[in-house]
1. Please determine whether any residue of region 76-92 is under 24 Å from Glu19 (Cα atoms), among the polar types (S, T, N, Q) and part of a strand (DSSP E or B).
2. Does Glu66 satisfy being part of a helix (DSSP H, G or I), at pLDDT 95 or above and within 21 Å of Lys116 (Cα to Cα)?
3. Which members of region 62-87 meet the condition of being in contact with a helix residue (DSSP H, G or I) (Cβ under 7 Å, 6 or more places away or on another chain) and of a type outside the set (Val, Ile, Thr)?
4. Do the conditions hold for Gly50, that is, is it in contact with a strand residue (DSSP E or B) (Cβ under 8 Å, 6 or more places away or on another chain) and either open to solvent by less than 70 Å² (accessible area, probe 1.4 Å) or not in a helix (DSSP H, G or I) (or both)?
5. Which members of region 82-138 meet the condition of being open to solvent by less than 50 Å² (accessible area, probe 1.4 Å), touching a Ser or Thr at 6+ places or on another chain (Cβ under 8 Å) and under 21 Å from Trp11 (Cβ atoms)?
6. Can you tell me which residues in region 9-40 are closer than 24 Å to Asp78 by Cα and either in contact with a His (Cβ under 9 Å, 6 or more places away or on another chain) or of a type in the set (Val, Ile, Thr) (or both)?
7. Across region 56-77, which residue is surrounded by the most Cβ atoms within 10 Å (Cβ to Cβ) among those that are in contact with a Cys (Cβ under 8 Å, 6 or more places away or on another chain) and acidic (Asp, Glu)?
8. If Ala145 passes every condition in (1) loosely packed, with under 12 Cβ neighbours inside 10 Å; (2) closer than 30 Å to Glu39 by Cβ but one, which one does it miss?
Amino acid sequence: MKKYVLVGTGWRGTMAYLEPMVKEYSDCADLLAVCDPNESRATYVTEYIGKKGLPVYTDFDKMLEEQKPDVVIVTTRDYAHERYIIKALEFGCDVISEKPLTTTAEMAARIIETEKRTGHKVTVTFNCRFMPYFAKLKELVMSGAIG
């Protein structure tokens with residue numbers, strides 16, 4: 001079973017990653033900790049998803065050192081993705097990043113270079129299209145009911 005941590009406990013990190021990991025995929029994904037500059041929000045999120053007592057960090061480096069995850073999920077603000085992705089890759093983790101990968105071509109180039117150099121993988125995802133609300137919208141548009 002792979003060990004995961006998440007940085008960025010906003011709506012998308014919570015609803016698209018944390019809640020499903022705990023409620024649907026706990027048999028194959030071990031959630032070790034969460035990290036966010038807003039400690040109160042991160043603590044609230046752990047309680048909301050039913051994992052009260054899950055370690056909460058405001059220091060990303062400390063979380064990596066103490067938890068030693070296999071995979072880091074990055075759902076922070078877009079401009080901060082590069083920082084967390086590169087640190088995670090250099091620490092020896094694979095990374096799942098919410099889209100966009102980052103905000104500039106230069107940042108993307110540094111991430112790609114680090115991925116090649118470390119041999120660890122970055123996967124960019126776009127989970128909103130699979131959320132029930134958005135799936136229903138697409139169904140309504142495609143059926144001609146709206147749009």
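1. no
2. Working: part of a helix (DSSP H, G or I): yes; at pLDDT 95 or above: yes; within 21 Å of Lys116 (Cα to Cα): no.
Against the criterion (part of a helix (DSSP H, G or I), at pLDDT 95 or above and within 21 Å of Lys116 (Cα to Cα)), Glu66 does not qualify.
3. Quick first cut of region 62-87, residues in contact with a helix residue (DSSP H, G or I) (Cβ under 7 Å, 6 or more places away or on another chain) only: 64, 72-76, 82, 84-87.
Leu64, Glu82, Tyr84, Lys87, listed by residue number.
4. Details: in contact with a strand residue (DSSP E or B) (Cβ under 8 Å, 6 or more places away or on another chain): no; either open to solvent by less than 70 Å² (accessible area, probe 1.4 Å) or not in a helix (DSSP H, G or I) (or both): yes.
It is false that Gly50 is in contact with a strand residue (DSSP E or B) (Cβ under 8 Å, 6 or more places away or on another chain) and either open to solvent by less than 70 Å² (accessible area, probe 1.4 Å) or not in a helix (DSSP H, G or I) (or both).
5. Tyr84, Ile85, Val95, Ile96, Ser97, Glu98, Thr125
6. Applying the first criterion (closer than 24 Å to Asp78 by Cα) to region 9-40 yields 9-21, 31-40.
The answer is Thr9, Thr14, Val34.
7. First, the residues of region 56-77 that are in contact with a Cys (Cβ under 8 Å, 6 or more places away or on another chain): 56-60, 63-64, 69-72.
Restricting the remaining residues to those that are acidic (Asp, Glu) gives 59, 70.
Values: Asp59: 11, Asp70: 16.
This residue is Asp70.
8. Looking at each condition in turn, Ala145 falls short on (2).
The values are calculated or read from the model by the stated rules, or taken from the named source; none is laboratory data. Computed from a predicted structure; not experimentally measured. Every residue, glycine among them, receives a Cβ derived from its backbone with ideal geometry; neighbour counts consider all protein chains shown. Quick note on the areas: whole protein, heavy atoms, side chains included, nothing else; ligands and nucleic acids left out. Shrake-Rupley method; radii C 1.70, N 1.55, O 1.52, S 1.80 Å.
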